[in-house]
Structure formats: C-alpha cells, structure tokens
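Data block below; observations after.
No value in this document is a laboratory result; all are computed from the given coordinates. Quick caveat: nothing in here was measured; it's all calculated off a predicted structure. In this analysis, Cβ positions are derived from the backbone assuming ideal geometry, glycine residues included, and neighbour counts consider all displayed protein chains.
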Amino acid sequence: MKLSPQAQEVLKARYLLKNPHSGRMIETPEQLFQRVAQAVARAEKLWGGKSAEAHWRNQFFEMLSQLKFLPNSPTLMNAGTPQGQLSACFVIPIEDSLTEIFDALKLMALIQQSGGGTGFSFSKLRMKGDPVSQSLGVASGPVSFMRIFDVATENIRQGGKRRGANMGILRVDHPDIEEFIQAKLDPQAFTNFNLSVGITDRFMKAVENGQSFPLLDPYDGKKKKEVSARELFHLMAECAWKTGDPGLVFLDRINRLQPTPELGRIEATNPCGEVPLLPFEACNLGSINLTRFLSDHSPDGINWQGLKETVSDAIRFLDDVIEIGYWPSEAIQKQVLGNRKVGLGVMGLAELLIHLGIPYDSAEAVDLAEKIMAFISKQAWATSEMLAGERGVFPNWKKSVFYNKKKKVRNATVTSIAPTGTISMIAGTSSGIEPLFGLSYTQSNILGGKTFKLLNPVFEKWAQEKKGLTQNEINAVKESGVWKENPLFKTALEMSAEAHLNIQEAFQKFTDNAVSKTINLPEEINAETIQNIYMEAWSRKLKGITVFRYGCRGEQVFQLGQSCHSTDCRL
C-alpha cells in the first residue's frame with residue numbers, strides 16, 4: 001500500500017484515530033483499513049458463521065488496502081468505533097409547523113455530528129407573509145428558516161472532523177421561488193448549503209413554449225400568481241452565472257424512475273445531488289478506483305475480471321454496512337432497513353482515460369464510459385440478487401417495481417456516482433467522473449485551513465518519461481495549470497459543455513440513483529450559455545445539473561496553477 005503525501009495528510013487530519021486526551025495518532029493507515037474491514041465483516045457472521053466472517057474480513061481488507069474500493073467517509077471514520085454511524089447521505093423532511101421544523105433541525109445536528117450530510121426540501125413551508133393562526137402573526141417563509149439550518153451547521157463539525165454540508169431544495173412552483181433562487185447573491189449567505197430548484201416537466205414545457213407558469217400555495221395548492229416561465233428560468237441561469245447556485249433537480253424524472261413509488265414521492269437529494277432519497281432515508285456509498293484495473297494483458301487495457309470481482313465484493317461490503325450501522329432516529333432506521341439502498345460508483349475516470357490514450361472529450365471516451373457503467377451495473381445487480389437468495393429481499397420489496405417483475409433483490413438501488421472528494425485523494429486518483437481540473441492547481445482552505453499546491457502525478461510521470469519536458473516547460477505548466485500540446489491532458493475548463501454533458505449522460509444511463517457532475521465553465525461565458533445547458537440536461541433525461549463558472553466566487557477551493565518561483569516549481 002503506497003500512499004501519496006497528500007493522502008497521508010488527509011488520513012491524519014480526518015480518518016486515523018487519535019487519543020481523545022492527548023490528540024496523539026494511535027492508528028496507521030493499515031490499521032484503519034483493518035479496523036473497517038473487521039467491523040464490516042461482523043455482519044457476515046449472521047449468515048455464514050465465524051469462518052465467513054474471517055474470510056470476508058481478509059477480503060475486505062485486501063480491497064481497501066489496495067485502494068481498489070473505498071467507502072464513504074463516515075464508514076472510514078466510524079466503523080469499529082463507539083460512534084457507529086456509517087452513512088454519508090440523509091434526507092430529512094420538513095413539515096409546516098414550528099415543532100416539526102425544529103425536530104428536523106435537531107436531527108440534522110445529530111447526523112452532521114456523526115459525519116453525515118443532509119438534504120432538505122423546504123417546499124411544504126408556507127409562503128412569506130401568509131398568516132399564522134396560532135401566533136396571529138405572518139410566516140417568514142422558507143428562506144428565513146434555511147438561515148437557521150445554515151447557522152446551526154456552521155457550529156457543528158461533522159464527526160468532529162469536517163464541517164457539515166446541506167442541500168436545500170425548493171419546488172419551482174413555490175411562491176417564494178424567486179427569493180430562493182437569489183439567496184446566495186450575498187456571498188456570506190448559506191455558505192453551508194448547495195441550493196437546487198426542484199424542476200417539474202410542466203415548468204420546462206412552459207419555458208419551451210414561452211408560457212406563463214403558476215406559483216401555488218403549498219398549503220392548499222391554489223394559484224397565488226403567475227410568472228413568465230422564461231423569465232424565471234433566466235433568473236436561475238443568471239444567479240448560477242454569478243454564484244454557482246442554484247442547480248436543478250428534475251423531480252418528475254426522478255420519481256418516474258424511483259424503485260418504491262408506493263412509499264411516497266422523492267422531493268430532495270443528498271448535498272451533492274447523487275442520491276435522491278425519500279423522507280428519513282439514508283444511503284451508503286462507495287467508489288471503485290478505476291485506475292487499479294488497468295491491464296497490459298487485456299486488448300482494451302482493462303482488467304474486466306478483476307473489476308467484476310471487486311464490484312461484487314463492494315456491493316456485499318455496502319450491504320454489510322447497513323447491517324452493522326447505527327441510525328440517528330427510529331424513523332431513519334425503519335426507512336433504511338426497509339429499502340437497503342446502496343450506491344456504488346467510480347473514481348479515477350479521467351486518469352484511466354489518460355493511461356488508455358483516450359481524450360476525455362472524445363466519442364471513444366463516451367463509449368467506454370457507457371461500457372464501464374453498464375458492466376458495473378450488471379454485476380452489482382447480479383450480486384444483489386445473489387445476496388437476496390442468501391439473506392432475503394429488502395423488506396419493502398413487495399411495494400417496489402421489482403415485485404411485479406418477480407426480480408428478487410437485496411437492495412432497492414445499487415449504483416450512484418459520487419464526487420469522491422477526500423476518498424479520491426486517499427486513493428491517489430482523479431475525483432469521480434470529472435476531467436482533470438488542472439494539471440497544476442492550488443487547493444485552499446481544506447483540512448482545517450491547509451493549502452496544497454499539486455502537480456498531477458500522471459502528467460508528471462508522462463512529462464519525465466515520455467515527453468522529456470524542459471524545466472522551463474514544466475514551470476509554465478505549474479504556473480498556468482494547462483498543457484495545450486496534447487489533447488489527453490485537456491482540463492475541465494478547456495472542454496465544451498457538451499463534452500461534460502456527454503460523460504454525465506453516459507453514466508446516468510446505467511446508474512440507479514443520480515450522477516454528481518459539475519459542468520465547469522470558463523469565466524467569459526454568459527448566462528444564456530447556462531440556460532442552454534439547463535435545457536440540454538432536461539432534454540437528455542438527466543436527473544440533475546450543476547454548473548460552476550470559474551471565478552464566480554471570491555473564494556473557491558480550487559485555483560488553476562501555482563504561484564511559481566524557480567525554487568518551488570521543480571519536480
């Protein structure tokens with residue numbers, strides 16, 4: 001197990017156990033993987049006894065320590081500890097009463113304290129200015145209550161190791177939608193929230209046809225006023241151009257494809273949008289490191305048999321996580337154990353493509369993306385069927401779309417594409433399905449305020465071994481973050497929006513949940529470009545869309561290039 005200096009920094013800051021009194025590190029990376037493997041394999045004892053537990057403990061440890069697969073952060077942080085909360089993604093419902101709003105706030109605090117992220121739909125809250133019968137006052141509206149959640153999150157560190165994250169969603173037909181769309185124009189507001197508008201097909205068709213669109217009272221469904229659909233759509237794009245928010249979540253498409261429609265409608269997602277969830281539902285995520293399946297012995301350069309085996313082991317691992325996990329409330333426990341959703345995804349796509357000599361923005365890359373995700377999906381479902389034979393179907397199976405198909409599965413969902421922020425750093429590869437942000441970049445204000453200046457190791461190796469770049473050329477790459485001489489190394493901001501959408505669409509075709517993907521855009525684009533991207537995302541049947549125009553925020557985590565001087569730009 002070889003870890004990069006950055007990976008070691010991440011593990012020390014967030015994952016390795018420390019003495020609670022002295023703060024001294026009491027765990028090595030190897031011991032971390034042993035702790036997680038041992039804790040998760042305990043579930044195997046329920047069906048196969050001690051011998052199965054021992055076998056899968058070794059199997060899980062090998063998979064983790066070889067960085068073939070890593071689970072979401074709370075599992076790495078908490079498995080085998082008294083904390084015991086192992087899920088990253090939760091959706092908490094918010095009903096229209098003060099008691100229920102603050103019950104949701106309390107539950108959010110408990111989840112974030114244990115390492116989870118939370119998503120909310122504020123769509124049931126009455127509009128600003130509506131009369132409140134009990135207090136004889138007037139309602140302050142969804143945005144005002146969002147501020148309370150934002151301030152609370154600011155004062156909670158997830159698992160004691162990272163700040164909380166939220167997704168706030170408001171339906172496009174809520175009377176306060178314009179205030180919501182503009183909520184982050186103040187750069188100091190809602191710094192702990194990603195915001196997305198809950199979009200309906202009715203609204204998108206009104207945009208297409210240039211029609212007016214009704215805004216409805218969430219209390220009784222009556223029309224409060226009408227607005228121009230196109231003007232509202234333009235406002236979304238304009239605010240996203242200025243701030244990066246809001247994104248869009250396509251609620252009707254999500255609900256047409258959700259596996260348990262009898263249990264209610266999905267109205268919210270986790271903070272990065274890759275898991276649409278029912279109220280009180282949670283999901284366990286994990287990602288396969290694609291770069292670990294490169295092979296010189298395969299005609300197309302991929303070890304498909306090794307990938308197949310790891311997919312199967314990863315689905316078993318994630319199902320075991322559900323079995324041993326602790327849940328912050330009885331309502332969450334009931335929903336999670338009823339549906340047993342898991343979300344297996346990938347990381348390292350960009351670096352895999354570079355190793356294979358395939359440009360990210362090529363038709364060949366899209367074809368390979370579809371092939372990889374179709375393969376993973378097929379094997380993941382086959383494993384879920386096998387586990388159902390061993391352990392039984394998920395309890396809500398008869399209320400699911402699988403029941404009519406007579407397909408017996410252990411999990412209501414098996415795949416999801418997460419952004420893999422810190423776990424891709426541990427794995428030493430590119431994040432999720434994103435292209436390289438930069439060949440050289442500065443990552444600021446992470447791990448308690450640290451700054452990293454990084455040169456991509458794949459480019460670095462290529463520069464040394466294949467191209468033989470001069471020191472001046474390397475310095476130029478470090479300064480700018482780009483190298484325009486080879487299409488393999490084209491970075492996120494150099495690609496067309498269409499190229500980004502092509503990859504997102506390729507993965508969404510074979511993903512049960514959703515796909516976390518940022519459409520990174522150069523600084524000089526306009527709001528109309530974002531409008532076109534939003535419309536294209538809907539027409540391509542994506543479940544959501546997020547854009548980010550470089551430089552639109554005063555402070556952003558990633559900056560292209562480094563401040564280079566002759567002494568610190570050397571390899």
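Here are a few things to note about the model shown:
- Paramagnetic label zone (point 7 Å from Cα along Cα-to-C-beta, residue 132; backbone N under 15 Å) in segment 177-194: none
- Where labels lie 7 Å past Cα in the beta-carbon direction, separation of residue 337 and residue 472 in nm: 6.9
- Residues with amide H under 5 Å from that of residue 326, placed H, sequence gap 5 or more: 85, 86
- Spin-label model, residue 208 to residue 179: label points 7 Å out along the Cα-to-beta-carbon direction sit 3.3 nm apart.
- Shape summary: segment 89-269 maps onto an equivalent ellipsoid whose semi-axes, from the alpha-carbon gyration tensor, are 26, 19, 17 Å in decreasing order.
- Rg to Rh quotient for the chain, alpha carbon positions, Kirkwood Rh: 0.96
- Fraction of beta bridges assigned by DSSP in the chain that are antiparallel (%, nearest 5): 50
- Restricting attention to segment 89-269, the count of lysine pairs at 8 or more positions apart or across chains with alpha carbons under 22 Å apart stands at 17.
- Using the empirical formula 2.2 N^0.38 Å as the baseline, the Cα radius of gyration of segment 291-441 reaches a ratio of 1.18.
- DSSP beta bridge pairing in segment 135-269, given as percent antiparallel to the nearest 5: 40
- In the chain, the DSSP-assigned H stretches of four residues or longer account for a calculated mean residue ellipticity at 222 nm of -12500 deg cm²/dmol, using -39500 (n - 2.57) per stretch and the full residue count as denominator.
- Model label sites at residue 66 and residue 226, defined 7 Å from Cα along the beta-carbon direction, differ in position by 6.4 nm.
- Each 10 Å bin from 0 upward holds the following percent of the Cα-Cα pairs of segment 267-324: 19, 34, 29, 16, 2.
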